Structures are given as structure tokens and as C-alpha cells.
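K.L.:
Okay, handing you the structure first.
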Amino acid sequence: EAGVTQFPSHSVIEKGQTVTLRCDPISGHDNLYWYRRVMGKEIKFLLHFVKESKQDESGMPNNRFLAERTGGTYSTLKVQPAELEDSGVYFCASSQAWASNEQFFGPGTRLTVL
Amino acid sequence: AQKVTQAQTEISVVEKEDVTLDCVYETRDTTYYLFWYKQPPSGELVFLIRRNSFDEQNEISGRYSWNFQKSTSSFNFTITASQVVDSAVYFCALSDPLLQGGSEKLVFGKGTKLTVNP
């Protein structure tokens, strides 16, 4: 069974540009999460989808970040326009059940904003 | 508010030594879950263990063991006879579904970088 996949693995862009990150969860997993780790800090929650609906987006830093999960399958996270402080590693995770389940993480996308 | 503290930023040991990674958490609720994840140099987060707040039994899995103590709000992780392949960043995390309306989001510590030297 394929794990959580993320694309691209690494993205380098200039301040003001737009970047779109993609996450493909494990097939059949209704829950999809986005997290971010800024250098040297904690991994922090961004948002949670249940199927195509946003269950919790309390961690989204500002309106430059837009997440979608059309059809309840893969998800995209768009940053527009990117700022220097957006640099970090963006992780996606998915889980199968509503409560108390293990979240399977993808390998992350390393975003560098110059 | 929920918080996870991993006071050890970096630890360096020599192969075959035992090493304990500390994790202290804060939560207001009585029902919660604790996790450990490993992040090897390749970058992905690998799930190691999940522990329910009602289960204080220590767990052993091969060379790994976990000590959960509610009295001190700690969930420490010990690697016995460490090996070079254990070198990674280890994250402790907390999930509190009831307080968060069932979101199950994980609250992570800053991680401890473990280096095992040959």
C-alpha cells in the first residue's frame, strides 16, 4: 500500500511568487492534515480536512495560504504571495478514523523563499 | 493550552550506550494521546508509538521502551544499546480530541536530535 506522498520534495522561489504544494493521502483515508516546521521550531498544525470539508483551519497563518481538497482525495496548499517567513518544511498526514488514530506522514516539502 | 516540551535539543552518544529522550506535556483534559515520531535524515516522520492517557503501563518494543508517568506529565523514550541507525530527530506529540472538537491535531515538541557515533 502506498504511503502519503507529497510533491514537490523541494521548492525554491522568490519572495512574491506563488507556490502550490500537493499531498496525496493514503487511499481511503478521510482525514488529511497539513503541518509546517519552520527551522528550529516545533512542527505546527495548519489545518485538517475531513473528506473535502475543512474541519479545523485554526493553524493557517494568514490569508496568503489557501488549502483545497476537491473531491476528498488529494489536497493542495497554495501560498500566494510567498514571504520569507514561509520557508520551512510542509508536512501532510492522513488518518483513517475519526478519533485516536495514528497519522501517517508524508516526506514533506521543503520550501525556501529567497 | 496544550504544550509539549522536549528540553534536550541535541544528544550525542557512542554506539551501544543507552539514551533517554525526555518529554513533558501540558493539557487540561483527562483524555488525551501521546506519540513519538522519528525523523531520519531522509525527512519523513515515522510513527513509533501512541499511548492513551488511561494506560500508564510502560511499553517495550525491541530496543525501544517508553515510560509514561501521569504524576509528572512525562512520556520519556529510552533506546537501549543505541545504534548508528538510531540517529535522527525524535518528536514527542500530544493529541487531545475532546478539547479540540475532534480535530485530532497533534501538538509537537521541538524535537531532540540524537546522534549515535560509531
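K.L.:
DSSP loop trypsin sites (Lys or Arg not before Pro) in the range A:6-51 with at most 15 other Cβ atoms within 10 Å of their Cβ, which ones?
P.N.:
In loop regions of the range A:6-51 (DSSP not H, G, I, E or B), the sparsely surrounded trypsin sites (Lys or Arg not before Pro) are A:Lys15, A:Lys41, A:Lys51.
K.L.:
Could you work out which residue, out of A:Pro61, A:Pro25, A:Pro81, moves most in a Gaussian network model of chain A, that is, has the largest mean-square fluctuation with Cα springs under 10 Å?
P.N.:
A:Pro61
K.L.:
Rank B:Thr20, B:Thr78, B:Thr30 by mean-square fluctuation in a GNM of chain B with C-alpha springs under 10 angstrom and give only the top-ranked residue.
P.N.:
Greatest mean-square fluctuation among the candidates belongs to B:Thr30.
K.L.:
While we're here: Considering only Cα-Cα distances, which of the following residue pairs are longer than 30 Å: A:Lys78/B:Lys38; A:Lys41/B:Lys70; A:Lys51/B:Lys70; A:Lys15/A:Lys51; B:Lys38/B:Lys70; A:Lys15/B:Lys110?
P.N.:
Values: A:Lys78/B:Lys38 27 Å; A:Lys41/B:Lys70 26 Å; A:Lys51/B:Lys70 35 Å; A:Lys15/A:Lys51 32 Å; B:Lys38/B:Lys70 23 Å; A:Lys15/B:Lys110 27 Å.
Too far apart for the 30 Å limit: A:Lys51/B:Lys70; A:Lys15/A:Lys51.
K.L.:
Which loop GluC sites (Glu not before Pro) in the range B:8-95, with loop taken from DSSP, have no more than 14 other Cβ atoms within 10 angstrom of their Cβ?
P.N.:
When the GluC sites (Glu not before Pro) of the range B:8-95 are filtered for loop state and at most 14 Cβ neighbours within 10 Å, B:Glu15, B:Glu17, B:Glu56 remain.
K.L.:
If you wrap a convex hull around the alpha carbons of chain B, what volume per residue comes out, as a whole number of Å³?
P.N.:
95
K.L.:
Identify the trypsin sites (Lys or Arg not before Pro) of the range B:44-91 meeting these criteria: DSSP loop state and at most 15 other C-beta atoms within 10 Å of the C-beta.
P.N.:
B:Arg63
K.L.:
Taking the alpha-carbon set of the range A:1-101, what are its Rg and Dmax in Å?
P.N.:
So, for the range A:1-101, Rg and Dmax equal 13.2, 40 Å respectively.
Only the coordinates and a few stated rules stand behind these numbers; no lab work does. Remember, predicted model here, so these are calculated numbers, not experimental data. No Cβ is skipped: glycine too gets one built from the backbone with ideal geometry, and neighbour counts run over all protein chains shown.
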